[in-house]
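The values are calculated or read from the model by the stated rules, or taken from the named source; none is laboratory data. Values in this document were obtained by computation on a predicted structure and should not be read as measured data. Counting neighbours? That spans all protein chains shown, and the Cβs are built from the backbone with ideal geometry, glycine included. Keep in mind that these areas ignore ligands, DNA and RNA; they rest on the heavy atoms of the full protein, side chains included. Shrake-Rupley method; radii C 1.70, N 1.55, O 1.52, S 1.80 Å.
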Protein chains: 2
Amino acid sequence: MSNSYIDDEKIINRLYEIHRRTVPKFESCTGISQTRLELLHELYEVEEISQRALQKKVNIDHAAVTRHLKQLEDKEMVIRRKDPKDQRFTYVSLSEEGRLKIIHYREEKERFISGVLHDFSAEERKTLLEMLTRIQHNIEHFE
Amino acid sequence: MSNSYIDDEKIINRLYEIHRRTVPKFESCTGISQTRLELLHELYEVEEISQRALQKKVNIDHAAVTRHLKQLEDKEMVIRRKDPKDQRFTYVSLSEEGRLKIIHYREEKERFISGVLHDFSAEERKTLLEMLTRIQHNIEHFE
DNA sequence: GCTCAATAATTGATACGTCAACTAATATAA
DNA sequence: TTATATTAGTTGACGTATCAATTATTGAGC
């Protein structure tokens, strides 16, 4: 009762620290950043998609999406082209090379995630996901 | 069973998204960043502390600590002085003004956290904290 | 006492996310 | 059809975390 707020604070601080620790670890394990792999994963699921639609899927700022895709284009992992019908749209797709590389990245990601959750039972995972979903909802609708 | 990995992925992605959403929301609600408030909170608990000891407490990179403290010094919230006995150490303490301001920040933080966890029972909070602690441990000891 | 190792703090380079301002292209409405 | 609004994408400024390299100071062994 009396220490309940202290624990609440610990939850929020823990979330923050988990993130800080995950970022470098994820990248050193998989060889790619979490966001960038998420973008590639979405591209993997489709033939071609506009940057706008992709941005809505990953829910990241437009600016960040543009920069990631430009860098991925430089690395020849994705191909970008303008829609001839509506020049405002840029369509993005995976190159063959990109499609191959992703497979390896995703294996490493799977290994990483398995390690992070290795001592969680199926029920625990379910509970955790449900709780995180609620937290996310609460943050989005706060104030 | 067959979709268990998909859910694991959702957990990790959710953690990532929670963080991204929390950062701007926290700052707009409280008027200060989470890390900076954590630093101030540690300073609030003591008379004076070395940057090194402070860094160990908050567990953030040295460089980030230095930069935060310099900015807080510019805003006259903290005072820094070298240890005359050992010039390598810099001791940091809150200014009177800093000490006053923190009270307000912490009230806002409490309001924020209450909002984020408002629909969690005491048991759920306990379970969640325990799970997050395990995840953090797993990340730190992975590989 | 002097050299070399260890430690605290700082600075530089890099990465990446946000918001805001801007450009270019298209749609709408008078 | 022409002025205005909307939309997609880009760029700039900023904040802040990481790692690596550097500086300054102190400690330890000879």
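Return yes or no: is residue A:47 under 24 Å from residue B:19 (Cβ atoms) and either modelled with pLDDT under 95 or among the acidic types (Asp, Glu) (or both)? Step through it out loud before you land on a result.
On the way: under 24 Å from residue B:19 (Cβ atoms): no; either modelled with pLDDT under 95 or among the acidic types (Asp, Glu) (or both): yes.
So residue A:47 does not fit the description; no.
Looking at the stretch B:24-58 only, could you name the residues that are polar (S, T, N, Q) and in contact with an Asp or Glu (Cβ under 7 Å, 6 or more places away or on another chain)? Quick ask: steps written out before the conclusion?
Just the residues of the stretch B:24-58 that are polar (S, T, N, Q), to begin with: B:28, B:30, B:33-35, B:50-51, B:55.
Hits for the stretch B:24-58 are B:30, B:33.
Hey, could you check the stretch A:103-123 for residues that are acidic (Asp, Glu) and within 7 Å of another protein chain (Cβ to nearest Cβ) and say which is nearest to residue B:115 (Cα to Cα)? Before you say what the answer is, go through the steps one by one.
Here is the first cut: in the stretch A:103-123, the residues acidic (Asp, Glu) are A:107-108, A:110, A:119, A:123.
In the following step, the residues that additionally are within 7 Å of another protein chain (Cβ to nearest Cβ) were identified as A:110, A:119.
Details: A:110: 33, A:119: 30 Å.
Here the residue is A:119.
Would you confirm whether any residue within the stretch A:35-52 is among the charged types (D, E, K, R), within 22 Å of residue B:35 (Cα to Cα) and in contact with a His (Cβ under 9 Å, 6 or more places away or on another chain)? Lay out the reasoning, then the answer.
Let us first name the residues in the stretch A:35-52 that are among the charged types (D, E, K, R), namely A:36, A:38, A:42, A:45, A:47-48, A:52.
Going one step further and asking which of them are within 22 Å of residue B:35 (Cα to Cα), we end up with none.
No: the stretch A:35-52 contains no residue that is among the charged types (D, E, K, R), within 22 Å of residue B:35 (Cα to Cα) and in contact with a His (Cβ under 9 Å, 6 or more places away or on another chain).
To keep it simple, each residue is scored yes or no on (1) open to solvent by 80 Å² or more (accessible area, probe 1.4 Å); (2) away from DNA strand D (no atom under 13 Å from the Cβ); (3) outside any loop (DSSP other than H, G, I, E, B); (4) in contact with a Leu (Cβ under 8 Å, 6 or more places away or on another chain).
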| position | (1), (2), (3), (4) |
| --- | --- |
| B:79 | yes, yes, yes, yes |
| B:107 | yes, yes, yes, no |
| B:120 | no, yes, no, yes |
| B:128 | no, yes, yes, yes |
| B:137 | yes, yes, yes, no |
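With respect to residue B:71, determine if the residue is part of a helix (DSSP H, G or I), loosely packed, with under 14 Cβ neighbours inside 10 Å and modelled with pLDDT of 95 or more. Working first, answer last.
Working: part of a helix (DSSP H, G or I): yes; loosely packed, with under 14 Cβ neighbours inside 10 Å: yes; modelled with pLDDT of 95 or more: yes.
Spelling it out, residue B:71 is indeed part of a helix (DSSP H, G or I), loosely packed, with under 14 Cβ neighbours inside 10 Å and modelled with pLDDT of 95 or more.
Output the residue which, of all residues in the stretch B:45-80 that are near DNA strand C (Cβ under 7 Å from one of its atoms) and in contact (Cβ under 8 Å) with a residue 40 or more places away in the chain, is nearest to the other protein chains (Cβ to nearest Cβ).
Checking each candidate, the answer is B:51.
Give me the pairs, please: first residue somewhere in the stretch A:1-30 and open to solvent by 70 Å² or more (accessible area, probe 1.4 Å), second residue anywhere and small (Gly, Ala, Ser) and outside any helix (DSSP H, G or I), beta-carbon distance under 8 Å, and either six or more positions apart or on two chains.
A:27/A:33
Within the stretch B:81-102, identify whether any single residue is touching a residue at least 60 places away in the same chain (Cβ under 8 Å), touching a Leu at 6+ places or on another chain (Cβ under 7 Å) and either facing chain A (nearest Cβ under 9 Å) or away from DNA strand C (no atom under 14 Å from the Cβ) (or both), and answer yes or no.
yes
For residue B:41, which of the numbered conditions (1) within 15 Å of the chain's Cα centre (by Cα); (2) near DNA strand C (Cβ under 9 Å from one of its atoms) fails to hold?
Of everything listed in (1) within 15 Å of the chain's Cα centre (by Cα); (2) near DNA strand C (Cβ under 9 Å from one of its atoms), residue B:41 misses just condition (2).
Scan the stretch A:60-67 and give yes if some residue there is within 12 Å of DNA strand D (Cβ to nearest atom), open to solvent by 60 Å² or more (accessible area, probe 1.4 Å) and assigned to a helix (DSSP H, G or I), otherwise no.
Filtering the stretch A:60-67 down to residues within 12 Å of DNA strand D (Cβ to nearest atom) leaves A:60-67.
Filter once more, so that each one left must be open to solvent by 60 Å² or more (accessible area, probe 1.4 Å): A:61-62, A:67.
With assigned to a helix (DSSP H, G or I) added as a condition, the list becomes A:62, A:67.
Looking through the stretch A:60-67, at least one residue is within 12 Å of DNA strand D (Cβ to nearest atom), open to solvent by 60 Å² or more (accessible area, probe 1.4 Å) and assigned to a helix (DSSP H, G or I).
Would you be able to say whether some residue in the stretch A:6-25 is among the hydroxyl-bearing types (Ser, Thr, Tyr) and either closer than 26 Å to residue B:26 by Cα or at the interface with chain B (Cβ under 10 Å from one of its Cβ atoms) (or both)? First the steps, then the outcome.
Within the stretch A:6-25, the subset among the hydroxyl-bearing types (Ser, Thr, Tyr) is A:16, A:22.
Subset that is either closer than 26 Å to residue B:26 by Cα or at the interface with chain B (Cβ under 10 Å from one of its Cβ atoms) (or both): A:16, A:22.
The answer is yes; a qualifying residue exists.
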